[in-house]
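What follows is calculated from the coordinates using simple rules that are stated; it is not laboratory data. Keep in mind that what you see is a predicted model, and the values were worked out from it rather than measured. Quick reminder, even Gly has a Cβ in these numbers, built from the backbone with ideal geometry, and neighbours come from all protein chains shown.
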Amino acid sequence: MERKKYIDVLRGFAMISVVLQHAINTGSSSLMRVLLTYHMPLFFFISGILMQGQDYRKISFAVHFNKLAKSIVIPIMTYTFIQGITRIIIDGLIQRTGFPSLWVLLGPLLNWFLVTLLLMKLICWAKYRLLNGNKAIIYLIAEILLFCLCTYTKIKYVQMTLCALIFGDFGYILRPYIEKVYYSELKTRYIGKIIRGGIQFVHDPRNYSFSI
């Protein structure tokens, strides 16, 4: 499958935004508030883009979950194990402040983003396989309505998962239009070339060349 440079650029932009937000780490910063409005939704939007073009009717649950296990479940469990061992060594053996609680050790396992991403991808497998992915606009409307109804819910991950599904569906629906502009020629009034030129510059500035 051809690698999509614009997706790499979107990923890089989202990663830089997350790092910058954590580096600032103050709620009083205007830049911090701006970053919080889009950096994590952008990851879900990218996930939706990547789901477009896949025929989930030909992908079994076992195959889909195996892929998720390798990309999400195993990495977060590995990180949790390493973090737990590190905390035990530092707190219990070096600083002698006592061993950390089980909740502290298992905290990374419940990382909101990874859990939400896992739930989103499992639900997307079901809705695009069992309910036909061509009806994504119907899913989007239903998810927005459910999100509004669940505004005050106290059930963990419900709102976050619905929010992830909404942005994922936006990516799923908009990918054909994004690529139509991205691969277009002069008939789009130079928009396609401007976008491609910008992406080329970000992706490989040393070999950058742009002309209308």
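Okay, here's what the table says:
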item: Mean Cβ count within 10 Å, highest first, over the residues of peptides 7-14, 64-71; result: 7-14, 64-71
item: Value of D in µm² per second that Stokes-Einstein yields for the range 1-95, Kirkwood Rh from Cα pairs, at 37 °C (0.692 mPa s); result: 197
item: Cα-Cα over 21 Å, subset of LYS5/LYS121; LYS58/LYS180; LYS4/LYS180; LYS5/LYS67; LYS67/LYS121; result: LYS5/LYS121; LYS58/LYS180; LYS5/LYS67
item: Per-peptide average of other Cβ atoms within 10 Å, ordering 157-168, 45-56 highest first; result: 157-168, 45-56
